[in-house]
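See below for the structure under consideration.
The values are calculated or read from the model by the stated rules, or taken from the named source; none is laboratory data. Every value quoted in this text rests on a predicted model; they were computed, and no experiment measured them. Don't worry about glycine lacking a Cβ; one is built from the backbone with ideal geometry, like all the others, and counts go over all protein chains shown.
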Amino acid sequence: MTAVVGVSHRTAPIAVREQLAVDAARLGDELVALRVAPVVEVTVISTCNRFELVGAGAAEADDERVAVALAASLAARVPAAAPHLYRHVGREAVHHVARVAASLDSLVQGEPQILGQLKHGWEAARRAGTLGPELARVLAHALRTAKRVRHETRLGAGRVSVPTVAVELSRRIFSELSGRAAVLVGSGEMAEEVARLFAREGARVVVVGRNAERTREVARLVGGEARQWEALEGALVEADVVVTSTSAPGFVIDRALVARLRRPRRGRALFFVDLAVPRDVQPTVESLEDVFLYNVDDLSQVVAESLAARSQEAERAEQIVLEELRVWERRRDAAQAVPAIKALRDRFGHALERELERSLRGRLRHLGEEEREALRVMNEASLNRLLHVPSVRLRALAADPEQSPRLGDLATALDELFGAGGDEDEPVEPGRRSFPPAPAEEAREVGAHAPGRADTARVAAGRG
Amino acid sequence: MSAAVDALFLGGLVAYSVAATLHAADLSRREGEGVARRAGPWVLGAGAALHAGHVVAASLLTRVCPVESVHFALSLAGLILVAAFLVVRRTRRIDALGAVVAPVALTFLVGAQFVSQAQPADSVPRGLLAIHVTANLAGVGLFLLAAAAGAFYLVQERGLRSKRSGRIAGKLPPLEALDWALHRLLLGGFLLLTLGIASGSQFTSPPAHGLVGIARLALAYGTWVLAAAVLALRAIAGWRGRRAAWGTIAGAVCVSLVVAIYVAQPGGLS
């Protein structure tokens, strides 16, 4: 099983999170350094909003000790992180990693970057040699869950930032953004971001401002062309999208101006994105044919709708995460029966093989190689048929939470019935078992408490 | 041969129905591109191939030139509509129009089976009749497609002005693509309708058709004038978008009435 220790935007301020960030070039060495007993496998989930270590021990019983060790390592590296650490162990850890992969624990739910960041961490662990079968299974489970969430819900639907909404809306007006003229009137952080996004889509950006020096600077930043304020009307004739963000107290672009531009523009659609407060574009502009106007409130409303829709979808996504967790648990439980099934198969297989070889050396020694091979195939088929029902029942027993405690008793019974001595020709040694105990039974034998308990409270590093 | 004709008809009917369902499913899909988006045009294309096969086989069976029969011409108009859509969608983002094209083609294919076949008067030249029927019905097909583009334009524009992120509006083509499609289809429909009217004027005599006939001719000419006005105002006064959409939809309503009267009046050609 697994343990997760870390900090996120929910528990730690950015000042702490940024101290934990690891340079990509050093990540492999860091992971190797973290792999000290009882930690056998370890990887990292590192984003701008979280830094988590995911580890696994040699046995399920080690989860708590793995969590403590990882927490101690993080606290030693960044002492300020200690009070902000949270941890999840066993089932809760697997559940947490799946939620993270499905972007349910992200600052902006449904954001798609998290999957890439998750895979990046796992790849780093694989290269460093700190990834083993347990964490590989956890990753596969998390990716499967995230895929289902993405396909079956609208968690990632809609745009959730004002600049991306502005670009998305313009796609509903224009067939292509490439080659369009986007005019930025004034300056401002958000307006520049919108202009940058249009430039990235291949649009030609023109920056118009009153302050020539500032206009040139903004044009340089967004990769556009600077023009003087007097050239505004000419720029508007060329424009397809106009992003305004001036500090003017009144309207910079009024209805009369836009109406006047209609003829030279030959009725082309014009999209205004007014990010200024007070507003730069007179609202009645919108009543003109083929003119569309969105101000900050309008854009924020679209963002809010997307966020509300995502929030509703999050409930469905949480259900999917739980469904997948149950599937994962059933598979894991069924795998508990594998050692007993393997032992049974080995035991019967050896017995049949020995008898066949004995016959082939005795009464059947006249058989040719072809007939001998046919007998071996028949032996194998007989073994499969013989063990099919016991295998299915053992797996079913292991996967059933109510019945799984019986698995240990059954393994013991199998041991007593078939296993003692390993070979009917050999004498029975009291106390020797050829059938391995079920994991739960094994845990009882070593005196460990049952694993799977989760502790999601924040804990100080190093405290058990 | 008869069995093959029936099979082609049935195949076309099924393909168009499936294509209509797929395009509608794509429109109602929450987001992204699904199987419906990818498969829709292919199934529609398969429907058109079966439809074309049916027209050819049926005309061979009945020994009737497709363009000289109202049956076939109506069916052919649906086929032209589908072909125009499949060609245009390769370069323009108008896939959503498939949700209209497929049902209209289905209606034309099935509807043609119920049209009573009128026998044209002996005095009507066969070649002229063929041009008249084909041009008019192909023009009707393009008009209907243009009207569909206009309707989608209005929905998309309304969604943008409402400042809300509507599900359907978000799936429709951009306004610019719809306006482009509307203009080209209207222009094509107008030219065909002009040809139809010009060829028809050589052998029609309004008083012979009574009041209904006069109404049909008036609507046909009214449609032609309306389409001409929309095209002229676009060129002269820059009328685009919403106004062009309403004008085209009005034209499509008129032309649909002309077809309805025509279908209800089997003696139209005589």
Those residues of region B:124-163 that are within 14 Å of chain A (Cβ to nearest Cβ) and of a type in the set (Gly, Ala, Ser) come to a total of 3
Next item on the list: Please tell me if A:Ala340 is of a type outside the set (Lys, Arg), more than 14 Å from every other protein chain (Cβ to nearest Cβ) and touching a residue at least 60 places away in the same chain (Cβ under 8 Å).
Entry: yes
Subject >> A:Val66 at pLDDT 90 or above and either under 18 Å from A:Gly116 (Cβ atoms) or not small (Gly, Ala, Ser) (or both) >> reply: yes
Restricting attention to region A:154-179, the residues that are more than 9 Å from every other protein chain (Cβ to nearest Cβ) and not in a helix (DSSP H, G or I) number exactly 6
Scanning region B:238-255 residue by residue, those of a type in the set (A, V, I, L, M) and at pLDDT 85 or above turn out to be B:Ala244, B:Ala245, B:Ile249, B:Ala250, B:Ala252, B:Val253
The residue that is farthest from B:Lys163 (Cα to Cα), considering only those in region A:280-295 that are touching a residue at least 60 places away in the same chain (Cβ under 8 Å) and within 12 Å of another protein chain (Cβ to nearest Cβ), is A:Phe292
In the set A:Val4, A:Val32, A:Val39, the lone residue that is in contact with a strand residue (DSSP E or B) (Cβ under 6 Å, 6 or more places away or on another chain) and not in a loop (DSSP other than H, G, I, E, B) is A:Val4
Log entry, pairs with first residue in region B:243-270 being farther than 16 Å from B:Val140 by Cα, second being at pLDDT 70 or above and among the basic types (Lys, Arg), beta carbons closer than 8 Å, six or more apart or on different chains, reads B:Ala244/B:Arg234; B:Gln265/B:Arg216; B:Gly268/B:Arg216
Residue pairs qualifying under the 7 Å Cβ cut-off, at least six apart or on distinct chains, with the first in region A:1-22 being outside the structural domain of A:Ala71 (by TED's automatic domain parsing) and under 16 Å from A:Leu118 (Cβ atoms) and the second being surrounded by fewer than 18 Cβ atoms within 10 Å (Cβ to Cβ) and among the hydroxyl-bearing types (Ser, Thr, Tyr), are none
Is it the case, given these coordinates, that A:Ala235 is over 35 Å from the mean Cα position of the chain (by Cα), of a type in the set (Gly, Ala, Ser) and not in a helix (DSSP H, G or I)?
no
Note on A:Ala248: of the conditions (1) among the hydrophobic types (A, V, I, L, M, F, W, C); (2) modelled with pLDDT under 90; (3) surrounded by 22 or more Cβ atoms within 10 Å (Cβ to Cβ), unmet is (3)
* To do: For B:Arg216, indicate whether it is in a helix (DSSP H, G or I), surrounded by 16 or more Cβ atoms within 10 Å (Cβ to Cβ), away from chain A (no Cβ under 14 Å) and at pLDDT 75 or above.
  => yes
Among residues of region A:180-201 being away from every other protein chain (no Cβ under 14 Å) and assigned to a loop (DSSP other than H, G, I, E, B), the residue modelled with the highest pLDDT is A:Ser187
The residue from A:Leu397, A:Leu383, A:Leu375 that alone is at pLDDT 70 or above and touching a Gly at 6+ places or on another chain (Cβ under 7 Å) is A:Leu383
Among residues of region A:265-279 being within 14 Å of A:Val291 (Cβ to Cβ) and either in contact with a Leu (Cβ under 8 Å, 6 or more places away or on another chain) or at pLDDT 85 or above (or both), the residue nearest to the other protein chains (Cβ to nearest Cβ) is A:Ala269
Answer yes or no: is there a residue in region A:251-265 that is outside any helix (DSSP H, G or I), surrounded by 17 or more Cβ atoms within 10 Å (Cβ to Cβ) and touching a Phe, Trp or Tyr at 6+ places or on another chain (Cβ under 9 Å).
yes
Selection from region A:202-220 of residues under 42 Å from the mean Cα position of the chain (by Cα) and in a strand (DSSP E or B) yields A:Arg204, A:Val205, A:Val206, A:Val207
Restricting region B:235-248 to residues that are surrounded by 22 or more Cβ atoms within 10 Å (Cβ to Cβ) and of a type outside the set (Gly, Ala, Ser), the one farthest from the other protein chains (Cβ to nearest Cβ) turns out to be B:Thr248
**Request:** Would you check if there is a residue in region A:313-327 being modelled with pLDDT under 90, in a helix (DSSP H, G or I), within 14 Å of another protein chain (Cβ to nearest Cβ) and out of contact with any helix residue (DSSP H, G or I) (no Cβ under 7 Å at 6 or more places or on another chain)?
**Result:** yes
Just one listed residue, out of A:His141, A:His151, is free of Cβ contacts under 8 Å to residues at least 40 places away in the same chain, part of a helix (DSSP H, G or I) and not charged (D, E, K, R), and it is A:His151
